[in-house]
Amino acid sequence: MAVIPPPSKALWAAELPRALWMGATWWRHRADLASAPRGDGRTVMILPGLSNSDASNIVLRRYLTAKGYRVHGWGLGRNRGVRSVGPQAEQLIARVESLAGQGPVTLIGISLGGIMARMVAQARPDLVAGVITISSPYAGPPRATNVWRVFERLTGESVDDPTVIARSAAIAGPLPCPAAAIWSRSDGLVSGLICRDDSVPAIEVRSSHLWVQHRPQVLTAVATILAGWPPVSDQSLAAR
């Protein structure tokens with residue numbers, strides 16, 4: 001198996017300047033954001049990245065709400081891996097279940113949040129209508145990132161633990177629901193090559209990892225993906 005290196009030090013160093021430039025030029029993309037397709041009213045949960053909380057996703061939540069979706073945060077504070085969701089994601093699953101009264105929930109996860117979204121979809125396919133991952137390194141070795149040591153400190157888990165390795169392999173397996181991956185080969189924190197796989201449609205963007213969920217190209221990609229999926233009611237009937 002070929003070794004996948006982490007992003008270069010140059011890309012890593014450029015993370016903050018690129019994110020700030022994106023914020024300064026965000027206004028240029030208002031027409032594209034407005035023209036993206038509207039939604040079908042489905043319930044959506046957005047899962048934050050490592051060490052982030054729901055506050056980090058406020059732009060994406062407001063945008064999808066304006067597009068006609070019922071949008072929720074995950075409500076579990078800062079994402080510290082199993083310390084936030086439980087060893088089998090039981091706390092996160094309970095949260096998704098609480099929102100599934102009107103049908104399965106569509107999960108959108110940023111970075112580690114996308115990995116957790118896939119974990120929930122694997123464990124409880126009856127609760128999940130679809131999964132969109134954004135810069136989520138679910139498809140390769142954790143050392144193909146510049147943040148694996150931070151992951152270990154914040155979660156209390158070792159990337160070499162057999163339990164963690166087995167869980168990661170299961171998460172990378174095919175999903176029982178519609179899925180899509182948004183990724184960037186110019187990501188400075190995680191290798192874009194492990195943020196996608198051949199089993200799901202993948203949309204490449206040019207972006208830093210930092211604040212990727214605010215990037216206009218990502219917002220319009222999410223809206224376009226969601227609008228192209230069958231209504232949740234149709235999926236529920238098909239699963240019976």
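The values are calculated or read from the model by the stated rules, or taken from the named source; none is laboratory data. Keep in mind that what you see is a predicted model, and the values were worked out from it rather than measured. Methodologically, a virtual Cβ is constructed for each residue, glycine included, from the backbone with ideal geometry; neighbour enumeration extends over all protein chains shown. Side chains are part of the model used for accessible areas, which takes the heavy atoms of the whole protein and leaves out ligands, DNA and RNA. Shrake-Rupley method; radii C 1.70, N 1.55, O 1.52, S 1.80 Å.
Does ARG80 qualify as being open to solvent by 80 Å² or more (accessible area, probe 1.4 Å), of a type outside the set (Ser, Thr, Tyr) and touching a helix residue (DSSP H, G or I) at 6+ places or on another chain (Cβ under 6 Å)?
yes
Please state which of the following conditions SER207 fails to meet, knowing it meets all the rest: (1) small (Gly, Ala, Ser); (2) in contact with a Gly (Cβ under 8 Å, 6 or more places away or on another chain); (3) within 24 Å of ARG28 (Cβ to Cβ).
(2)
If you check every pair at least six apart or on different chains, which have Cβ atoms under 6 Å apart with a residue in the range 10-29 that is open to solvent by less than 80 Å² (accessible area, probe 1.4 Å) first and a residue that is among the aliphatic types (A, V, I, L, M) and modelled with pLDDT of 95 or more second?
GLU15/LEU210; ALA19/LEU210
Tell me whether the range 170-183 contains one or more residues that are under 24 Å from LEU16 (Cβ atoms) and not hydroxyl-bearing (Ser, Thr, Tyr).
For the range 170-183, residues under 24 Å from LEU16 (Cβ atoms) and not hydroxyl-bearing (Ser, Thr, Tyr): present.
On the given criteria, is ILE46 touching a Phe, Trp or Tyr at 6+ places or on another chain (Cβ under 9 Å) and of a type outside the set (Phe, Trp, Tyr)?
Against the criterion (touching a Phe, Trp or Tyr at 6+ places or on another chain (Cβ under 9 Å) and of a type outside the set (Phe, Trp, Tyr)), ILE46 qualifies.
Inspect the range 99-111 for any residue being free of Cβ contacts under 8 Å to residues at least 24 places away in the same chain and either surrounded by fewer than 24 Cβ atoms within 10 Å (Cβ to Cβ) or of a type in the set (A, V, I, L, M, F, W, C) (or both) and give the result as yes or no.
yes
Got at least one residue in the range 40-48 being surrounded by fewer than 14 Cβ atoms within 10 Å (Cβ to Cβ), more than 15 Å from GLN213 (Cβ to Cβ) and small (Gly, Ala, Ser)?
Checked against the condition, which is being surrounded by fewer than 14 Cβ atoms within 10 Å (Cβ to Cβ), more than 15 Å from GLN213 (Cβ to Cβ) and small (Gly, Ala, Ser), the range 40-48 yields at least one hit.
Check the range 193-200 and report whether any residue there is closer than 26 Å to SER53 by Cβ and polar (S, T, N, Q).
no
Would you mind finding the one in ALA129, ALA89 that is among the hydrophobic types (A, V, I, L, M, F, W, C), touching a Cys at 6+ places or on another chain (Cβ under 8 Å) and either within 19 Å of ARG70 (Cβ to Cβ) or modelled with pLDDT of 95 or more (or both)?
ALA129
It is to be established whether one or more residues within the range 7-22 are modelled with pLDDT of 95 or more and either in contact with a His (Cβ under 6 Å, 6 or more places away or on another chain) or at positive phi (or both).
Checked against the condition, which is being modelled with pLDDT of 95 or more and either in contact with a His (Cβ under 6 Å, 6 or more places away or on another chain) or at positive phi (or both), the range 7-22 yields no hits at all.
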